[in-house]
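K.L.:
Got a structure for you, questions after.
The values are calculated or read from the model by the stated rules, or taken from the named source; none is laboratory data. Since the model is a prediction, treat every value here as computed from it, not as a measurement. Glycine gets a Cβ as well: all are built from the backbone with ideal geometry, and neighbour counts include every protein chain shown. Heads up: the accessible areas ignore ligands, DNA and RNA and are worked out on the full protein's heavy atoms, side chains in. Shrake-Rupley method; radii C 1.70, N 1.55, O 1.52, S 1.80 Å.
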Amino acid sequence: MGLGPLLVGLGLVLVLVGLLAWSGLLGWFGHLPGDIRIERDSVHVYVPIVSMLLISVVLTLVLELIRRL
């Protein structure tokens with residue numbers, strides 16, 4: 001498989017995720033239980049621990065599926 005079709009596929013996936021985020025269907029992402037959000041008067045700290053774990057699991061499963069094909 002050449003590099004061209006892989007780049008086109010990744011581009012289409014990126015466009016799809018962008019459209020989902022733009023439409024508001026990914027509004028829950030980043031607000032999961034376990035994501036740390038600290039907001040004080042002059043300090044805003046956001047650590048999306050569970051969101052990044054979710055991305056890691058999904059990407060691992062997708063890449064493993066691609067590797068097996």
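K.L.:
Only residues in the stretch 12-26 that are in a helix (DSSP H, G or I) count as the first member; pair them with residues that are surrounded by 10 or more Cβ atoms within 10 Å (Cβ to Cβ) and of a type in the set (A, V, I, L, M), Cβ under 7 angstrom, at least 6 apart or cross-chain, and list the lot.
P.N.:
LEU20/LEU26
K.L.:
Additional query: Would the stretch 19-27 turn up any residue that is aromatic (Phe, Trp, Tyr), within 13 Å of the chain's Cα centre (by Cα) and open to solvent by 100 Å² or more (accessible area, probe 1.4 Å)?
P.N.:
As a first pass, look at the stretch 19-27 and keep what is aromatic (Phe, Trp, Tyr): 22.
In the following step, the residues that additionally are within 13 Å of the chain's Cα centre (by Cα) were identified as none.
No, because not a single residue in the stretch 19-27 is aromatic (Phe, Trp, Tyr), within 13 Å of the chain's Cα centre (by Cα) and open to solvent by 100 Å² or more (accessible area, probe 1.4 Å).
K.L.:
Restricting to the stretch 47-69, name every residue that is open to solvent by less than 100 Å² (accessible area, probe 1.4 Å) and either in a loop (DSSP other than H, G, I, E, B) or among the aromatic types (Phe, Trp, Tyr) (or both).
P.N.:
PRO48 - this is the single residue of the stretch 47-69 that is open to solvent by less than 100 Å² (accessible area, probe 1.4 Å) and either in a loop (DSSP other than H, G, I, E, B) or among the aromatic types (Phe, Trp, Tyr) (or both).
K.L.:
If you take the residues of the stretch 33-45 that are surrounded by 11 or more Cβ atoms within 10 Å (Cβ to Cβ) and touching a residue at least 12 places away in the same chain (Cβ under 8 Å), which of them is nearest to GLY9 (Cα to Cα)?
P.N.:
Step one: list which residues in the stretch 33-45 are surrounded by 11 or more Cβ atoms within 10 Å (Cβ to Cβ), which gives 34-35, 37.
The next check asks that each one be touching a residue at least 12 places away in the same chain (Cβ under 8 Å); those that pass are 34-35.
Numbers: GLY34: 32, ASP35: 30 Å.
Per the stated criteria, the residue is ASP35.
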